[in-house]
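Single-structure report; data block below.
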Amino acid sequence: MNRLADKVAVVTGANSGVGAAIAKLFAAEGAKVVMSARRAAALEEVAAQIAEAGGEAYVVPTDISKPEDPENLMAAAVEKYGKIDILVNNAGVLEAGLKPIDRYTDEDLDRIVETNQKGTMRCMRAATKRMTSGASIVNVASIAGERGCGGAAYVSSKAAVIGVTKHTALRFQVAGIRCNAVCPGNIVTPMTAGMDPATLDQDMIGAMAMHSNMQTQPCQPEDVANIVLFLASDESRAITGQIIVSDFGSML
């Protein structure tokens, strides 16, 4: 308990799934959590659960695909609490069907990159202006970006997050601001549960099946939240620029 006492943490995509699990865990560990996502009502529901459990959360509805929103989010966090110690870039979107490189659509690519890559980068740009030594950034990327298993548009966006994680760690190493990424494998969230199996590209599914154990148990949001907590806390103060895969070994 109290591993994040006196810390202010901004968590994007905090309205459900992994983001909600992170927000709840951070609050339980003593952080003041600034929660953001597009759906205000869902954010308020999670914030109410945090308050009922004795934690503190502040809701700032945000669409990170809009260029001005990440800056407004970080400004609101500092106005409310005076600082930002932790940023968790969890917000992201999927494309339907796992379309491979020879079948992806420009519409999917533009939509996914705008949120997953550009939105994450905008949040880091806005947060690092306001962070000081000891701060930690944790990006929720994906095994797709590390191993290529997924639709081409989604894979490219998460690979970009991995690359910019390493870049950010290098850029701010001297300043004492850390940046790491978690790459979940198959995970159970409302977003993934909403995928229609009938729309999945069978060639891509077959290629993925040849390179992974599809019978391995999936991650739960809490599994990812525990890793993010470690990387956000001072317990991992010597770790930066690292990419941690959490997939129960399905792609070893």
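The values are calculated or read from the model by the stated rules, or taken from the named source; none is laboratory data. Please read these numbers as outputs of a predicted model, since none were measured by experiment. Here the Cβ is made from the backbone with ideal geometry for all residues, glycine too, and neighbour counts use every protein chain on show. Note: accessible area is taken over every heavy atom of the protein model, side chains too, but ligands, DNA and RNA are not part of it. Shrake-Rupley method; radii C 1.70, N 1.55, O 1.52, S 1.80 Å.
Here are some notes:
- FRET efficiency, ASP110 to GLU235 (Cβ-Cβ, R0 35 Å, nearest 0.05): 0.35
- Springs between Cα atoms under 10 Å define the GNM used for the chain, and in it the highest mean-square fluctuation of ALA225, ALA152, ALA175 occurs at ALA175.
- Candidates GLN215, GLN242, GLN173, ranked by Gaussian network fluctuation over the chain, Cα under 10 Å, top entry: GLN215
- The chain: most fluctuating residue of LEU231, LEU73, LEU170 per GNM, C-alpha cutoff 10 Å: LEU170
- Unsatisfied cross-links (Cα-Cα over 25 Å) in the set LYS7/LYS129; LYS80/LYS129; LYS83/LYS158; LYS99/LYS129; LYS32/LYS158; LYS80/LYS166: LYS83/LYS158; LYS99/LYS129; LYS32/LYS158; LYS80/LYS166
- Packing order of peptides 92-99, 179-186, 233-240, highest average first: 179-186, 92-99, 233-240 (average count of other Cβ atoms within 10 Å over each peptide's residues).
- Of PHE172, PHE248, PHE26, the order by accessible heavy-atom surface (1.4 Å probe, DNA, RNA and ligands excluded), from most exposed downward, is PHE248, PHE172, PHE26.
- Rolling a 1.4 angstrom probe over the chain with all protein chains present gives an accessible area of which 52% lies on carbon and sulfur atoms.
- Length gained on full extension, GLN202 to ASN2: 67.3 nm, using 0.36 nm per residue less the C-alpha separation.
- Debye-formula intensities of the range 116-158, expressed as log10 I(q)/I(0) at q = 0.20 Å⁻¹, are -0.68 (one equal scatterer per alpha-carbon, no solvent).
- Helix-only [θ]222 nm of the chain, DSSP H runs n ≥ 4, -39500 (n - 2.57) each, per residue, nearest 500: -12500 deg cm²/dmol
- Centroid-to-centroid separation of the range 220-252 and the range 70-91 [C-alpha atoms, Å]: 21 Å
- With R₀ fixed at 51 Å, the C-beta to C-beta distance from LEU170 to ALA41 puts the FRET efficiency at about 0.80.
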